[in-house]
1. Is it the case, given these coordinates, that ALA76 is out of contact with any His (no Cβ under 8 Å at 6 or more places or on another chain) and modelled with pLDDT under 90?
2. Which condition does ASN89 not pass, out of (1) of a type in the set (S, T, N, Q); (2) touching a Ser or Thr at 6+ places or on another chain (Cβ under 9 Å); (3) closer than 30 Å to ILE174 by Cα; (4) not in a strand (DSSP E or B), if it passes all the others?
3. Here are the criteria: (1) hydroxyl-bearing (Ser, Thr, Tyr); (2) on the phi < 0 side of the Ramachandran plot; (3) open to solvent by 20 Å² or more (accessible area, probe 1.4 Å). Tell me which single one SER139 does not satisfy.
4. Restricted to the stretch 65-85, and to residues that are in contact with a Ser or Thr (Cβ under 7 Å, 6 or more places away or on another chain) and surrounded by 14 or more Cβ atoms within 10 Å (Cβ to Cβ), which residue is farthest from LEU129 (Cα to Cα)?
5. I'd like the full set of residues that are more than 20 Å from ASP160 (Cα to Cα), hydrophobic (A, V, I, L, M, F, W, C) and buried (at least 16 other Cβ atoms within 10 Å of the Cβ), limited to the stretch 94-123.
6. Given the conditions (1) in contact with a Leu (Cβ under 6 Å, 6 or more places away or on another chain); (2) modelled with pLDDT of 90 or more, report the number of the one that SER122 does not fulfil.
7. Give GLY146, GLY102 a once-over and let me know the one that is at pLDDT below 90 and not in a strand (DSSP E or B).
8. Among the numbered criteria (1) modelled with pLDDT under 80; (2) outside any strand (DSSP E or B), which single criterion is violated by SER27?
Amino acid sequence: NASFKTDTVGGKVSVASVTDVANAAASSKATANSGYKFLGWYDNSGKKLEGDSVTVESGKSKEFTALWEGVEISDASIRYYEEGKIPANTQVILSFPLKNVGNVVLRDLKVTVSGEGVKVLSSDLKASLIGTGTTANASFLVYAEGEKGTEKTITATVSDASGNTWTKDFSFTIQ
């Protein structure tokens, strides 16, 4: 008996399951929702299933769980200034929360911000790991150049040690 837990926190799961048939194969397919990365199927001992199917001997059972990574990047704010506004030629603190919306702990995250006419002077991520369902705050000291009324787009990029990335654009107006 092979079963695949269909906790679909990060996407859609389709499963073909077979029960008590000698050397029968059970298969599954997982498709990640936008903003999520499917890491694979894992058994109770933490071993990753290679491929999308497994053969289980008659009378034995196996259970697999879909693991997903997901980061929700919330809207950025500029400390001490009106929402959506950046003062011209001034150092400001840009901060935004990162929420782990997947079902695994996120480790070794790298967070960067970039944008034309925006200099990043320093950065700070207040957590080396983010547990499932929890939030960490990322803060950057930035300097925005430009004329009053100019719109700037700042892109936040979060990446993990496996190379998975999440991005979000923030728009601000120079005041």
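1. no
2. For ASN89, the failing item is (2).
3. Among (1) hydroxyl-bearing (Ser, Thr, Tyr); (2) on the phi < 0 side of the Ramachandran plot; (3) open to solvent by 20 Å² or more (accessible area, probe 1.4 Å), SER139 violates only (3).
4. Out of the qualifying residues, it is GLY84.
5. Matches in the stretch 94-123: LEU94, VAL118.
6. Result: SER122 fails condition (2) only.
7. Working: GLY102 fails: at pLDDT below 90.
Just a single option satisfies the conditions, and that option is GLY146.
8. Exception for SER27: condition (2).
The values are calculated or read from the model by the stated rules, or taken from the named source; none is laboratory data. These figures come from a predicted structure and were not determined experimentally. Note: ideal-geometry Cβ built from the backbone for every residue, glycine included; neighbour counts use all protein chains shown. SASA here: full protein model, heavy atoms, side chains in, ligands and nucleic acids out. Shrake-Rupley method; radii C 1.70, N 1.55, O 1.52, S 1.80 Å.
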